[in-house]
Every structure is written in C-alpha cells, then in structure tokens.
1. What whole number of Å gives the distance from the Cα centroid of the range B:347-404 to the Cα centroid of the range B:165-182?
2. Using Stokes-Einstein with the Kirkwood hydrodynamic radius over Cα pairs, what translational diffusion coefficient do you get for the range B:40-433 at 25 °C and a viscosity of 0.890 mPa s, in µm²/s rounded to a whole number?
3. Within a Cβ distance under 13 Å of B:Asn269, other residues only, what is the Lys/Arg minus Asp/Glu net charge?
4. Compare the peptides B:285-291, B:350-356, B:131-137 by average per-residue count of other Cβ atoms within 10 angstrom and give them in order, highest first.
5. Excluding A:Gly67 itself, calculate the net charge of residues whose Cβ lies under 9 Å from the Cβ of A:Gly67, where each Lys or Arg counts +1 and each Asp or Glu counts -1.
6. Just tell me how shielded B:151-157 is by partners: mean number of partner chain Cβ atoms within 10 Å of each residue's Cβ, no decimals.
7. Return a single number: how many Lys pairs in the range B:40-433, at a sequence separation of 8 or more or on separate chains, have alpha-carbon atoms below 28 angstrom apart.
8. Over the whole of B:168-174, what's the average partner chain Cβ count within 10 Å per residue? Rounded to a whole number, please.
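The values are calculated or read from the model by the stated rules, or taken from the named source; none is laboratory data. Just so it is clear, the model here is predicted, and its values are computed rather than measured. Here the Cβ is made from the backbone with ideal geometry for all residues, glycine too, and neighbour counts use every protein chain on show. Only protein heavy atoms, including side chains, enter the accessible area calculation; ligands, DNA and RNA are left aside. Shrake-Rupley method; radii C 1.70, N 1.55, O 1.52, S 1.80 Å.
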Amino acid sequence: MKNNLIRFNIKAGLAIVILTGLSACSTLGVEPWEKDQLARADMALDSEKLDMALDDHIYFSKEGTSGGRSLAGGGCGCN
Amino acid sequence: MQLTQKRNIAGAIAMASCSLINPSAQATDLNDIVKSDDWKVDAAIMYYGEQDRVQAAEVIGNVQKSFGDSSLLDMKLVVDSLTGASASGAVAQDSSQTFTRPSGNGEYTVNAGETPLDDTFHDTRVQLSANWMEVLNPDWTLNVGLNGSTEFDYLSLGLNAGLERSFNKNNTIVALSGAFTQDTIDAVGGRPVALSEMALRSQYDTEAAFQAAFDDTRQAGTDDKQTIDLMLGVTQNINRYWLMQANYGISNVSGYMTDPYKVLSQVDNSGTTQTYLYENRPEDRLKHSVFVMAKGALDSGVVDFSYRYSTDDWDISSHTLETHYRYYLSPSIYAQIHLRYYQQQAANFYQPFLLADEPLPEFASADYRIGDMTAYTVGLKFGQRLSGGHELSYRLEYYQQNPENNGTELVGQLSQFEQFPAVKAIVAQVSYSF
C-alpha cells in the first residue's frame, strides 16, 4: 500500500515536472521575424557535422561510453 | 552561361507552380529556389596519431542534395586506414615478454618494463550511409536512413528512423528516433575461447603441437551483436541568441562484445606473469545517456557548452564536458577553440590483471578503455570563407587519456612499472565545403 502511494507520488511528481516544463517551453522562444541570429548557418546544430562525425569515431574507439548527441549505433571493431 | 539560363528558367517554372499552390510563395526569391536544388559537399581528410601506438588516416565526404523545400538526401562516405600498436591488456614485467599473434602465425616480443602493445593491427574500413529527410507538413518532419561499415574482421549494417514535431512557432522541436544495427565479427585467427590460456610456441616441441594447442583456444565461425538505440530529444529556442538541446538515449546491445585481441596477465604473488588469458565480456549491455547543450550566437562568434552523463549495467559511467568557442577575426576568417574533459568509471569486470591463486571470474577484461580514466582534448581550428560560399578550414587537436588504477593492489614487481601509461594523440584535419 505504502509502495503504491510512493509510486503514485513519483508519477504525479514526474507529470508535474513535465507539464511545468512544457508550459515553460511555450513561453520561451521568439517571434518568426526575430530568428535572424538563430537562423545563422553557424548556429545550426550540425554546422560542423564532419568534425563531429570524426570526433565521435575517435572517442567511440578509445573510450568506454559513446553517443548522447545523436544515435550511437553499432559501429566498428575499433582498436 | 547556357546552363545558368536553363536553371533560371527551371527556377521560374518552379516558382510559378509554387505560386499556384501557395500564393505566399510569390515572395520567394528566385535565387533561393535555384539554390535549394543545389548540391552541398563537405569533405575532410584527417590524421590521427598516437605516440608509439595507433596511426590512422581518414577521408570523409558528405553530400547533401535538396529536392525543393521539403526533401533532403544526405550521403556520407568514410574511408579510413589504421596501423600501429594497441595495448593488449597484459601488464609490464621485469623481463621481456613474448606473445602469440592473434592469427596464431608468429610472435611478438615486448621489452622488460614496457607496456605490452600488439603491433599486429592493419585495417582499412569503408563506411557508407544515406539519410532521407522529408518535411511532411509545417509541424512534422520524418527521417529515415541506412548505413553500412566494413573492415577486414567486422561488418556493421544499420537502419534508423526519426520523427520530429515542432511546436510553439517552431521554437520547440521534439524528436524521437530509433536505430537497429547488426554487427558481424569475424576475428582474425578465430574468436578465442573465453578466458582460455594463450598457447606459446616455446612451450611446444613441434609446430604441429603448437598449432593444435592454438586451435583449442579458438571457436570456429563468426559471431554477431545487435544494437537497438532509442533517443528522445528536445530543442528549445530560449531567446533571440540562445538555444538549448536536451537528449535522453537508451541503447540495448546483445551479442559478442568481447574484444578478441585483448588478454589479461595471470600473475603469482610476486607479480610475475604465469600465463595470459583471453578476455571475456558479458553478452548484454543496457546503456543510458543524458546530453544537454546550450548554444549561443554572439556578435563576433558562436559558443556552445555541453554536458553528457552516461551509465550502463556494466557499471561504466562517465561525465563529459565540452565547449567550442568561435571568434570571427574578420567577416571571412574565424578561429575556434575546442575543449573537452572526460571522466570514466570502470566496468565491474575490469581488472588490470588476474591472480593465479584466485578462482577465475566469469567475466574479465584488462582493456584500459573500460577502466577508470580521465581524458582531455584541446583543439584549435581556423576557417576561411571563400567566394561562392566555399569554406576551407584547418583543425589541430591534442588528445590525452590518463588511465587510472581502479583500486587494485599492484602485487610484487607490478608496482615497479607504469601499468597505466598515458596515451597521447594528435589530430590534424583539413576540410573543404562547397
């Protein structure tokens, strides 16, 4: 019974956090005519996609964890 | 000239047809329509060199072709060539050590006091990927992709798909993506039997007896591994200059994850190696990652900061902090700094060596890459925008890994030598976009 209550509280807490987050998102941002800076080529999330791909391959090969920025996938038998 | 006229005519027809469907498109510049059907090519050549260890050269080409305003094809080709030595997992000793090569053909010897490096590696990898992006309507975008990578002892084939929904005047984008990857491992010399003892030529009178002993440590055929990735991401415009991205990723890997070329030294109480055992890793791994990034448009440049936390059921966890800061020295030339710090906690089956008088664990690996470690990167990049939208850039980075002892007592002679040496590497890259 107590466990059920704790689970319900966790779920309710998560729901509140998500709803608060979403409502906060709706107040953030800019009007379409104010997007000049965000639309700059150097502000694109993949503006340096080759550098990121090469870096991901190095770190994937040399470290125990990978991915996060995008899907990690399988990969290679790297040494 | 003829070509330009034809393209302008095609553009004019496209604009006219657009205006029939959507009157607001009349405001679109003719040049934008021509440009949106153009190709965009990014190419780079990179050298990665570790001091006394792996050397790699990598060529990468990415081609993007847009089809109107709603479709984009993205194709990537990577070719890399790798050579040099890699840490085998064995410990340094006060006398020279001889190891059987993974193929069973021949041996290599490591001097006293040196970290055993296996210099057998020579490989060439070719990777191809293609992705299609389709803007379904102003709110929804679909991505689908294929990728494949092949090298001498490894084949990886994958599918991926993603769906994006934009909200709040395109200030919020929620993306859900998934991927499935099937890898096939065809280890040189065959996959070692888990935790079997390395057969050494000197222990046998004849070549045939050695070969029979070597074959007993090997399993026939290939093995495979399946990876399922899921990622939920939110990108949020904060104000006119700043945006944020947050991703949660989960990845389930099942199959062969042992490195067939890595070993562990089994030592006695004086730290003297008795034998070498081939490592063995679990066949399931569930990984979670959280990634957050803030990126800002500055008057004279761009800056981003990111943090990633990663954890899994092998108990490997890591923290990664990274930043890029670009400063425009002139409207066409920029300089950029890249800093990265990485800290990792060892897998629960990582052991720098095994003790001969203790029972063998089910899983064990002495691969420093899944041990305790910190690493940092310092990089500098210069870029120059050329006429016609072309860009040329140069990048030079220094990457250092500092493996650390996970708390294991170094018995006897092991404490006399550096068992966790730093790995130092240089990355040099030239890129061209047009």
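1. Measuring centre to centre over Cα atoms gives 29 Å.
2. It comes out at roughly 103 µm²/s.
3. -4
4. For the peptides B:285-291, B:350-356, B:131-137, the packing ranking is B:350-356, B:285-291, B:131-137.
5. Net charge around A:Gly67: +1.
6. 3
7. Lysine pair count for the range B:40-433: 22.
8. Taking all residues of B:168-174 together, the mean is 5.
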